[in-house]
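A short worksheet on the structure shown next.
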Amino acid sequence: MMKFERYEWLAITIMISLFIFVGFIQGWSVSLVILNMCIISAIMTMGVNISWGYAGVINFGVMGFLAMGGLAAVLVSYPPITESWQAGGRGLGISFALLVVLVIAVMYINKTVIQKRNRYILNSLIIFFGILIIRHFYLNATHNIEDVNPAIAGFLGGLGLPIIFSWIVGGLFAAGVAFVIGKVALGLRSDYLAIVTLGISEIVVSVLKHEEWLSRGVKNVIGLKRPVPYEIDLQNADWFINLVTYLNSSKLNNIIDVTDRQQVLNNLIIDGSGIFVKLSYAILFLIVMLIIFYFANKAQLSPWGRMMRAIRDNETAANAMGKDVVKQHLIIFVIGAAIVGVAGAMLVTLDGLFTPSGYRPLRFTFIIWIMVIVGGSGNNLGAIFGGFVIWFSWIEAAPLTTFIINLLTIGLEPTNALKLHLLDSVPYFRYLFMGLILLLILRYRPKGIIPEKVRHS
Amino acid sequence: MIDFLNSIIVLLNFIIIPGISYGSQLALGALGVTFVYAILRFANFAHGEIMSFGAMITILFTWFFQSQNIGLGILPTALLALPIGIIATIILCIISDKFVFQYYRYQKSVPVVLAMVSIGVMFVINAIIRIIIGTETIKFSDGQKFIMKAKQFKIMTGLNEGLALKSSQVITILITVLLLTFTFWFLQKTKTGKSMRAFSDNEDLALLSGINPDRVVFTTWIIVGVLACVAGTLYGLDKSYKPIIYLNLVLPIFASAIVGGIGSPFGAVVGGYVIAFSEIMVTYAYKKFFVYLLPSSMEPTGLVQLLSTDYKFAVSFSILVIVLLIRPSGIFKGKVL
């Protein structure tokens, strides 16, 4: 296991004390909400860090992989809708089977027909007519599915399993998509690769937005089952009431009046149930984060990690040493994407709803990249630190800006147009902060706050 | 015969004219991206926001002129404000170069680092725009909206189908032709243009022959500022101005630049039109067209639409991926101005 340096302990201490600080100032509920998102962000950042920091493979498709993870959460946990399956299951099955036949036919032609021109002509003919036929079955089926009770259903539903399984499935989904993207695009130069992955992630999200039979599209899926207890159940559970009474016994004993005491206890229980739920999420997420952190570090220190660094630092030399650069790039791209997919499933689990239109590149690709750069690419602790710090400042930027604006415009009247306009645009200042942080880090600490350790071994 | 004419009018009205005007906007944007790529050698993710910034300044001055009752009659007031927007955009470009990009150029950083830096710049400009003008959709085109309305055309020709010609479309096309001619003339005939071409072709050789790199970069940013501001304003004039939309526009712009061959100005223009036309043609429902063209017994039942309009963005990217796979250097071999 790795040893932490002094500044790394400092970073960890800063992270923890930030949350304690917020807990005292803004309440523990707020602190835990931020903490949960921070942990998820840290996992996303580790995913990107693995492909970029270890091997120098750029991945701007974070948004798409997150969305795939989210889709997994829906498909795993939502109860199946039998009417939809009856309405369109057969049609979908037929079109899927036809698609497989089409792919096999194209592969067969590619193998047998040698002359290039004939091959192109045959292939395009087969693909064109194949798609026409498939479309017929497919459109009918999807139309039927979307007609089933469109107000609350209108899609196939899922498997009805506990949502926690979706964290693994989400990783697999994202890995599958990443495999296809990697096969197509990984040969490209890094800036082309950035643009292509960005574009493909847009395609993934637009598919999820508009294929209503699969993901309910822009109508969103709500009410996904939680892996942790619901507040309302907690509030009626005896053990929880006893626990809250026990924890606050000194405070409660000071109140003499019985009705007052009951009142205070009820408030405490309501507050406590919210905090309990968030705390359980935090513990679950923390476990996943630590597992991924452990294995990521293990991998980085292993011969495989050394090979990855070699490939990153000098591709030609690594190639000359007999390392299969293309294959290793694909492997690491898929692994990174899978971790991002896990984070995507966790994100949907936390929210309990899946909103495809909520996936925007600014929020779900570029911010994650800022986390990686700021934290320190190539260092997993740095990635976690970046995730925590950036998400923390993303959330706390608004109160901070309000404070600063009020301070700067203290001489102006409260009805001053400039002051009102500035206060109205407080939410946009966070983009300014993010950009400035990124620019400053790239300029003055290009390796990130916690840089990669140079190992001589 | 009448049916044939009608079908042609349908195509003109719904595909060709919108395609040309959207394509012109993309071409101007892609030209800017390509200039940055050829001279400064990085993919500028901030380009969309630069366009948005130019459009925003133009809008602010359009409002100012409107409040002073200064206008151009039938032409939109935005044309009057456009030069001011252009100057502001050029200043923005030069400031961002002086304070941000220059350092990395002197450090000889790898292109990916510069791309990351441009993302930082993108965030900052994005924030400035949102703070100044908010996120609401703004319509700022005034003057005469249509040069020809669909109804007028129907009465004029007696055909069933109307042909509408928005003035913003005509303005877009005219300005694009003007600007493209000027850019290509500048690159081919003037001394500065030639030095820029030399610089993009072989930097070391250009430096040896006494070309001042700072001057070349400075000129590049001026051209980029002009192109970006005009493209952004024209897009806003044609559709409507919405700060968030420009981030989405970056992707088709990159696609156009790469499809045409990044670094090649001619390729960027062609790429713009290729992307625009394929986006529109693939997602257009051809039912009306076939209704006119085919005998009534063969009339299509569905919409005859290859893909639903929801997949507009997907189309441009699929083309990008296909081009990169078959011909990675783009249609016209890129890298040199």
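The values are calculated or read from the model by the stated rules, or taken from the named source; none is laboratory data. Every value quoted in this text rests on a predicted model; they were computed, and no experiment measured them. Note: ideal-geometry Cβ built from the backbone for every residue, glycine included; neighbour counts use all protein chains shown.
Could you count how many residues in segment B:126-185 are within 22 Å of the chain's Cα centre (by Cα) and of a type in the set (D, E, K, R)?
6
I'd like to check something: does segment A:238-251 contain any residue that is within 14 Å of chain B (Cβ to nearest Cβ) and either out of contact with any helix residue (DSSP H, G or I) (no Cβ under 6 Å at 6 or more places or on another chain) or within 26 Å of A:Phe385 (Cα to Cα) (or both)?
no
Inside segment B:45-122, counting only helices (runs of 4 or more DSSP H) that do not spill past its ends, which hold 1 or more residues that are within 30 Å of A:Val374 (Cα to Cα) and free of Cβ contacts under 8 Å to residues at least 12 places away in the same chain?
Filter on segment B:45-122 gives B:78-96, B:102-107.
Looking at segment A:280-395, what helices (runs of 4 or more DSSP H) fall wholly within it and have at least 3 residues that are within 14 Å of another protein chain (Cβ to nearest Cβ)?
In segment A:280-395, A:367-375 are the helices (runs of 4 or more DSSP H) which contain 3 or more residues that are within 14 Å of another protein chain (Cβ to nearest Cβ).
Name the single residue, out of those in segment A:400-426 being of a type in the set (A, V, I, L, M, F, W, C) and within 10 Å of chain B (Cβ to nearest Cβ), that is surrounded by the most Cβ atoms within 10 Å (Cβ to Cβ).
Across segment A:400-426, the extreme among qualifying residues is A:Leu422.
Taking the criterion of being at pLDDT below 85 and buried (at least 20 other Cβ atoms within 10 Å of the Cβ), would at least one residue in segment B:125-140 satisfy it?
Among the residues of segment B:125-140, at least one is at pLDDT below 85 and buried (at least 20 other Cβ atoms within 10 Å of the Cβ), which makes the answer yes.
Across segment B:149-185, what is the total count of residues that are surrounded by fewer than 13 Cβ atoms within 10 Å (Cβ to Cβ), assigned to a helix (DSSP H, G or I) and not hydrophobic (A, V, I, L, M, F, W, C)?
So the answer is 2.
So which helices (runs of 4 or more DSSP H) are wholly in segment B:189-257 and hold at least 2 residues that are free of Cβ contacts under 8 Å to residues at least 12 places away in the same chain?
B:191-201, B:203-208
May I ask you to say which residue of A:Ile270, A:Ile255 is over 35 Å from the mean Cα position of the chain (by Cα) and of a type in the set (A, V, I, L, M)?
A:Ile255
Considering only segment A:204-219, how many residues are assigned to a helix (DSSP H, G or I) and touching a residue at least 60 places away in the same chain (Cβ under 8 Å)?
11
Can you find a residue in segment A:417-429 that is under 22 Å from the mean Cα position of the chain (by Cα) and under 27 Å from A:Ile16 (Cβ atoms)?
no
For segment A:427-448, what are the residues that are surrounded by fewer than 18 Cβ atoms within 10 Å (Cβ to Cβ) and more than 8 Å from chain B (Cβ to nearest Cβ)?
Selection gives A:Pro427, A:Leu440, A:Tyr444, A:Arg445, A:Lys447.
Considering every residue within segment A:142-160, establish whether at least one is outside any helix (DSSP H, G or I), within 28 Å of A:Tyr281 (Cβ to Cβ) and either free of Cβ contacts under 8 Å to residues at least 40 places away in the same chain or among the hydroxyl-bearing types (Ser, Thr, Tyr) (or both).
Yes, segment A:142-160 contains a residue that is outside any helix (DSSP H, G or I), within 28 Å of A:Tyr281 (Cβ to Cβ) and either free of Cβ contacts under 8 Å to residues at least 40 places away in the same chain or among the hydroxyl-bearing types (Ser, Thr, Tyr) (or both).
Against the condition in the same structural domain as A:Lys323 (by TED's automatic domain parsing), more than 14 Å from the chain's Cα centre (by Cα) and not in a helix (DSSP H, G or I), how does A:Ile50 come out, does it pass?
When the stated conditions are applied, A:Ile50 does not pass them.
From the list A:Gly70, A:Gly89, A:Gly61, A:Gly47, which one is among the small types (Gly, Ala, Ser) and within 14 Å of another protein chain (Cβ to nearest Cβ)?
None of the other options fit; the residue is A:Gly61.
For A:Ser201, indicate whether it is in a helix (DSSP H, G or I), more than 19 Å from B:Ala314 (Cβ to Cβ) and either modelled with pLDDT of 85 or more or in contact with a Cys (Cβ under 8 Å, 6 or more places away or on another chain) (or both).
no
For residues that are at the interface with another protein chain (Cβ under 7 Å from one of its Cβ atoms) and under 14 Å from A:Tyr192 (Cα atoms), tally how many sit in segment B:314-327.
Residues flagged as at the interface with another protein chain (Cβ under 7 Å from one of its Cβ atoms) and under 14 Å from A:Tyr192 (Cα atoms) within segment B:314-327 amount to 5.
Residue check: is A:Lys183 part of a helix (DSSP H, G or I), within 9 Å of another protein chain (Cβ to nearest Cβ) and within 30 Å of B:Ile262 (Cβ to Cβ)?
no
Among the numbered criteria (1) part of a helix (DSSP H, G or I); (2) among the β-branched types (Val, Ile, Thr); (3) within 27 Å of A:Ile81 (Cα to Cα), which one does A:Val228 miss?
Just one mismatch for A:Val228, condition (1).
If I ask for residues that are out of contact with any Gly (no Cβ under 9 Å at 6 or more places or on another chain), aliphatic (A, V, I, L, M) and part of a helix (DSSP H, G or I), which ones from segment B:1-38 would you list?
B:Leu5, B:Ile8, B:Val10, B:Leu11, B:Leu12, B:Ile15, B:Ile16, B:Ile17, B:Ile20, B:Val33, B:Val36
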